[in-house]
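Below you'll find the structure I mean.
The values are calculated or read from the model by the stated rules, or taken from the named source; none is laboratory data. Just so you know, these numbers come straight off a predicted model, no measurement behind them. Ideal geometry is used to build each Cβ from the backbone, glycine not excepted, and the neighbour counts take in all protein chains shown. Surface areas here come from the heavy atoms of the whole protein model, side chains and all, with no ligands, DNA or RNA. Shrake-Rupley method; radii C 1.70, N 1.55, O 1.52, S 1.80 Å.
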Amino acid sequence: MQDRLASLYPQHLATLRDRADKALALGGFDHLVIAASLPLRKFLDDQDYPFVANPHFLHWLPLTDTPGSWIVHTPGNKPKLIFLQPKDYWHVVPAAPSGYWVEHFDIEIVRNATDAVALLPGADRRRAILGPECPVVPGAEANNPQAVIDYLHWHRSYKTPYELALMREASRTGALAHRAAERAFRAGESEFGIQMAYLAAARQMEAELPYANIVGLNEHGAVLHYTHFDRKAPAQSRSFLIDAGASAAGYASDITRTYAAHGHSEFQALVDSVDAAQQGFAARVRAGQSYPELHIHAHHVLADVLREHGVIRMSAESAVAAGVTSAFFPHGLGHPIGLQVHDVSGFQQNERGGTIARPQGHPYLRMTRVLEPGMVVTIEPGLYFIDMLLEELRAKPVANEIDWAKVDFFRPYGGIRIEDDVVCTDGAPENLTREAFALT
């Protein structure tokens, strides 16, 4: 893997330098200064929250745990890494820089944050400083100029071959851990036990994952962001929904699978139908495809699934128009993914900013752009039996088009979500998730 990354990294860095040059010119700046950032301190405490590096920093370097370090890019010059390696016996000190990327940077090692700031272009220089506004770094406060941010975010949508290699690695790790989670479910483990099996297989701590895992048994599958982890296994496990990813040098995978317990054939049939629909949606991740139109198409297909399984009696067109499908599928079809699990610029109009509005009636869709080669998106349709939404649906005139006995039958299973990470290419899409599962 390291040899592959070494061969791809020079082109990746050249791409970033070119983008940075153009972004700086647009904003009227001479230097791009990127903070790795610092950990946030817990309120009224002397401990920090787990450190999460600035994604702009990770875009240039595979350094996920070097708080207080900086990258400086000046057009025409070799990029500089100011590497903070503090004198510290309380914590593990970052090892000296090594690996396939070091030859491409001028590296200066410093022992404290003040010395790091002193090596940055001075405050009297035209510098664009990218980083979080909190905590403040005295002498190098982030300004995050909008013109620079808009340009970089827009182009971050288009992944380089180096980035895709890391996303494939994150997908392989996630798929391996998902296999372990399914085995734990089949063995009768609790949600907490399944989570522990996942972490052990991924060989990643919770703080290293791209997001908090969702591990829901039975009715808990109806809570879209369920992160509670019951310590005790239920008397009977009927269903299992897991939404969990993994990281590779800061790049994320985002994978969801739903399983029926043995003997629950009718729910398994519904899972199979959603899975087939999901693969159909993933196959449409092609250049020129409007993501909002794909989302609306998904509503029509899922309406047919509900009708096929006896949940609704109305046509797909009527179910979508009346908002019935939104009660069973209340979130968006997916989102951009990369350095962040919900990656940037999903709504951006062009490289100079702007916003493309969501379609009316779909407030939770996280992407409104047209797909282009190099983009990576999730495709995650779902069908859920959520009491609050079902009660609202029951009060509508279309309630008589719902088979409420069938709804009650499925309610103890919670819900279904199937999610893959898919690359838009010049031809057929690359499904990172399905390919990763095929290797495990």
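State which residue pairs qualify: first residue over 19 Å from H295 (Cβ atoms) and inside the stretch 266-278, second residue in a helix (DSSP H, G or I) and hydrophobic (A, V, I, L, M, F, W, C) in any location, beta carbons under 8 Å apart, and separation of 6 or more residues or different chains.
Going by the 8 Å Cβ cut-off, the qualifying pairs are E266/F409; F267/F410; L270/V305; L270/F410.
Looking at A6, A113, which is the one that is within 22 Å of A140 (Cα to Cα) and either more than 24 Å from the chain's Cα centre (by Cα) or buried (at least 17 other Cβ atoms within 10 Å of the Cβ) (or both)?
A113
Another question, if that's okay. Evaluate the following for L44: is it without any contact (Cβ under 8 Å) to a residue 24 or more places away in the chain, over 24 Å from T160 (Cβ atoms) and not in a helix (DSSP H, G or I)?
So L44 passes the test.
Give the residues of the stretch 399-423 that are more than 22 Å from F267 (Cβ to Cβ) and crowded, with 23+ Cβ neighbours inside 10 Å, sorted by residue number.
D421, V422
Do you know which residues across the stretch 349-398 are open to solvent by 50 Å² or more (accessible area, probe 1.4 Å), more than 19 Å from L339 (Cα to Cα) and part of a loop (DSSP other than H, G, I, E, B)?
Selection gives R352, I356, A357, R358, Q360, G361, P363, Y364, A395, K396.
Considering only the stretch 280-311, how many residues are assigned to a loop (DSSP other than H, G, I, E, B), small (G, A, S) and closer than 16 Å to F385 by Cβ?
Residues meeting the conditions: 1.
Please give the number of the condition L302 fails out of (1) crowded, with 22+ Cβ neighbours inside 10 Å; (2) under 30 Å from R203 (Cα atoms); (3) of a type in the set (A, V, I, L, M, F, W, C).
The number of the failed condition is (2).
Just for the stretch 210-232: of the residues that are over 9 Å from E191 (Cα atoms) and aliphatic (A, V, I, L, M), which one is surrounded by the most Cβ atoms within 10 Å (Cβ to Cβ)? Please lay out each step first, then the result.
We begin by selecting, within the stretch 210-232, every residue over 9 Å from E191 (Cα atoms); these are 210-214, 218-227.
Filter once more, keeping what is aliphatic (A, V, I, L, M): 212, 214, 222-224.
Details: A212: 14, I214: 22, A222: 24, V223: 16, L224: 17.
Across the stretch 210-232, the extreme among qualifying residues is A222.
Which residue pairs have Cβ atoms under 8 Å apart, sit 6 or more places apart or on different chains, and have a first residue in the stretch 245-257 that is within 14 Å of A180 (Cα to Cα) and assigned to a strand (DSSP E or B) and a second that is open to solvent by less than 10 Å² (accessible area, probe 1.4 Å) and of a type in the set (S, T, Y)?
Correct list of pairs: I255/S171; I255/T433.
If I filter the stretch 349-364 for residues that are closer than 21 Å to V274 by Cα, of a type in the set (F, W, Y) and over 17 Å from the mean Cα position of the chain (by Cα), do I get at least one hit?
No: zero hits.
If you check A177, A181, A197, which single one turns out to be assigned to a helix (DSSP H, G or I), more than 19 Å from R238 (Cβ to Cβ), of a type in the set (G, A, S) and in contact (Cβ under 8 Å) with a residue 40 or more places away in the chain?
Being assigned to a helix (DSSP H, G or I), more than 19 Å from R238 (Cβ to Cβ), of a type in the set (G, A, S) and in contact (Cβ under 8 Å) with a residue 40 or more places away in the chain holds for just one of A177, A181, A197, which is A177.
Residues being under 13 Å from A36 (Cβ atoms) and either touching a Leu at 6+ places or on another chain (Cβ under 7 Å) or free of Cβ contacts under 8 Å to residues at least 12 places away in the same chain (or both): count how many of those fall in the stretch 98-124.
3
Could you identify the single residue in A235, A276, A269 that is among the small types (G, A, S), farther than 18 Å from E206 by Cα, part of a loop (DSSP other than H, G, I, E, B) and open to solvent by 30 Å² or more (accessible area, probe 1.4 Å)?
Exactly one of A235, A276, A269 is among the small types (G, A, S), farther than 18 Å from E206 by Cα, part of a loop (DSSP other than H, G, I, E, B) and open to solvent by 30 Å² or more (accessible area, probe 1.4 Å), namely A235.
Has the stretch 154-162 got any residue that is among the charged types (D, E, K, R) and not in a helix (DSSP H, G or I)?
Checked against the condition, which is being among the charged types (D, E, K, R) and not in a helix (DSSP H, G or I), the stretch 154-162 yields at least one hit.
Take the stretch 125-137 and flag every residue that is touching a residue at least 12 places away in the same chain (Cβ under 8 Å) and either touching a helix residue (DSSP H, G or I) at 6+ places or on another chain (Cβ under 7 Å) or closer than 24 Å to P94 by Cβ (or both). Steps first, please.
As a first pass, look at the stretch 125-137 and keep what is touching a residue at least 12 places away in the same chain (Cβ under 8 Å): 125-132, 134-135, 137.
Passing the criteria: A128, I129, L130, G131, P132, C134, P135, V137.
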